[in-house]
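All remarks here apply to the structure that follows.
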Amino acid sequence: MIPADAKPSMQGAFQSILATCNSDGTPNITSVSQVWYVDESHVAVSFQFFNKTVANLRDNPHAAIRLFDPTGKDHWGLDVKFVRAETEGTVFDQMEMQLEAIASMSGMQDVFKLRGAHIYEVLRIERLPLIKT
Amino acid sequence: MPAINEDVIAFLRSRPIAMLCTRDRENHPDAHESFIAEVTTDRVICLVPEHLAGRLPQNALDNGDAALLISRSPGDHRSVQLKGKITDLEQARFRAEFAPAVEPLLPMFTAYMPHGAARAMLDRMTRQPVFRVQLDVTQVFDQTPGPQAGRPIAGGAE
């Protein structure tokens with residue numbers, strides 16, 4: 001389901017956006033350092049600070065992700081559903097390694113710390129060209 | 001007490017690209033790239049490109065619940081989240097009147113992204129149909145990465 005064209009947007013060049021909503025209808029939106037390709041129908045999002053996001057996901061597993069293509073030409077819009085949190089294993093280890101690199105490049109070594117890899121099922125993914133043709 | 005203090009207003013005016021979040025009646029969220037055109041102590045006017053608006057028109061009409069994220073990234077990652085209600089949505093049209101305000105931002109954007117991408121970012125705000133969104137702000141949160149992320153600046157507990 002996730003096209004190969006979308007994978008460069010998951011290499012950590014730019015922050016991504018994660019939107020959630022609690023059960024009373026209040027939306028919440030936050031930046032995330034990593035959206036990691038897991039398989040053709042799942043991505044993992046780095047869990048670092050977002051307590052409100054975690055609380056919202058307990059109420060309502062539906063979320064939206066925006067990815068930014070490193071070329072600056074496209075966004076990718078994803079509708080996703082939270083599946084589980086992982087704190088060990090291959091995906092977690094790979095994300096932790098990449099996050100250390102991102103933190104080093106952005107001077108955030110003392111701030112960015114991976115607390116979990118949140119696995120989401122991708123329900124829909126859409127390329128959003130930034131310039132309307 | 002105003003929801004948006006002077007410090008946050010200055011930050012919003014220095015960082016006009018933002019992400020707007022709305023939700024549908026099933027509480028499914030959606031995110032929309034937006035450009036901050038005007039800021040007052042309790043209100044933000046955003047422009048959202050029509051072709052990136054997704055479910056914005058329906059969501060605004062259905063409930064109006066919204067959150068707006070402004071982040072200085074790349075940079076020091078300072079981030080602020082505003083929450084409130086969309087109280088007005090003008091239909092999408094070309095808004096050339098905003099061009100004089102947008103064009104001077106090109107050097108700021110080229111400082112952290114390729115020139116072509118920065119140019120495209122400005123063009124899509126002035127040369128494509130955009131919705132004008134009025135967000136009445138009731139809550140403001142510090143969203144800067146770190147242990148203080150989620151700290152309320154105004155309007156209630158996170």
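Just so it is clear, none of the values below were taken in a lab; they were calculated from the coordinates. What you see is a predicted model, and the numbers here were worked out from it, not measured in a lab. Virtual Cβ from ideal backbone geometry, glycine too; neighbours counted across all protein chains shown.
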Starting from the Cα-Cα distance between residue B:138 and residue B:25, subtract it from 0.36 nm times their residue separation and give me the gain in nm to one decimal.
-> 38.6 nm
With springs connecting C-alpha atoms under 10 Å apart, model chain B as a Gaussian network and identify which of B:26, B:103, B:38 has the largest mean-square fluctuation.
-> B:26
Can you tell me which of B:39-46, B:16-23 comes out highest on packing, and rank the rest after it, using the mean Cβ neighbours within 10 Å?
-> B:16-23, B:39-46
Mind giving me the nanometre distance, one decimal, between the label points for residue A:124 and residue B:103, set 7 Å out from Cα along Cα→Cβ?
-> 3.9
Describe numerically, in nm with one decimal, the distance between label points set 7 Å from Cα along Cα→Cβ at residue B:72 and at residue A:71.
-> 3.2
Might you report the magnitude of the Cβ-based charge dipole of the stretch B:37-158 about its Cα centre, with Lys and Arg at +1 and Asp and Glu at -1, to the nearest 20 debye?
-> 260
From DSSP H assignment alone, runs of 4+ in chain B each adding -39500 (n - 2.57), the sum over residues rounded to the nearest 500 puts [θ] at 222 nm at -6000 deg cm²/dmol
Between A:43, A:83, A:91, find the one with the highest GNM mean-square fluctuation for chain A; connect C-alpha pairs within less than 10 Å.
-> A:83
Charge tally for neighbours of residue A:39 with beta carbon under 13 Å away, counting Lys, Arg as +1 and Asp, Glu as -1, is -1
The stretch A:54-109 and the stretch B:113-147 have their Cα centres apart by a whole-number Å value of 21
Per its Cα gyration tensor (rounded if a/c is under 1.5, else prolate when a/b beats b/c, else oblate), the protein assembly as shown is best filed as rounded
How crowded by other chains is A:71-77, given as the mean number of beta carbons from other chains within 10 Å of each beta carbon?
-> 4
Would you mind checking the radius of gyration and Dmax of the stretch B:11-141 based on alpha-carbon positions, in Å?
-> 14.1, 41
Alpha-carbon centroids, the stretch A:114-131 and the stretch B:65-102: separation in whole Å = 22
Other chains' Cβ within 10 Å of B:51-61 residues: what's the mean?
-> 2
Value of [θ]222 nm, deg cm²/dmol, for chain A, DSSP H segments ≥ 4, -39500 (n - 2.57) each, nearest 500 = -6000 deg cm²/dmol
Rounded to one decimal in nm, the spacing of the 7 Å Cα→Cβ label points at residue B:91 and residue A:84 is 5.0
Over the C-alpha atoms of the stretch B:102-158, what are the Rg and the largest Cα-to-Cα span, Dmax, in Å?
-> 16.4, 41
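Given axes a ≥ b ≥ c from the Cα gyration tensor, I'd like to know whether chain A is rounded (a/c under 1.5), prolate (a/b larger than b/c) or oblate.
It comes out rounded by the Cα gyration axes.
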Which whole-Hz couplings ³J(HN,Hα) result when phi for each residue of the stretch B:16-26 is put into the Karplus expression 6.51 cos²θ - 1.76 cosθ + 1.60, θ = phi - 60°, listed in order with x for Gly and Pro?
-> x, 7, 9, 10, 9, 10, 10, 8, 8, 6, 8
Once the in-chain neighbours fewer than 8 apart are removed, the lysines whose Cα is under 20 Å from residue B:85 read A:52
Tell me, what is the FRET efficiency for residue B:151 and residue A:96 to the nearest 0.05, using R0 = 22 angstrom and their Cβ-Cβ distance as r?
-> 0.25
Compute the signed sum of charges (Lys and Arg +1, Asp and Glu -1) over the other residues within less than 12 Å, Cβ to Cβ, of residue B:132.
-> -3
First select every other residue whose beta carbon is under 13 angstrom from the beta carbon of residue A:57; then total the charges, Lys and Arg +1, Asp and Glu -1.
-> +2
Enter the mean number of other protein chain beta carbons within 10 Å of the beta carbon of each residue in A:15-24, as an integer.
-> 5
Between residue B:6 and residue B:123, 0.36 nm times their residue separation minus their Cα-Cα distance comes to what?
-> 39.2 nm
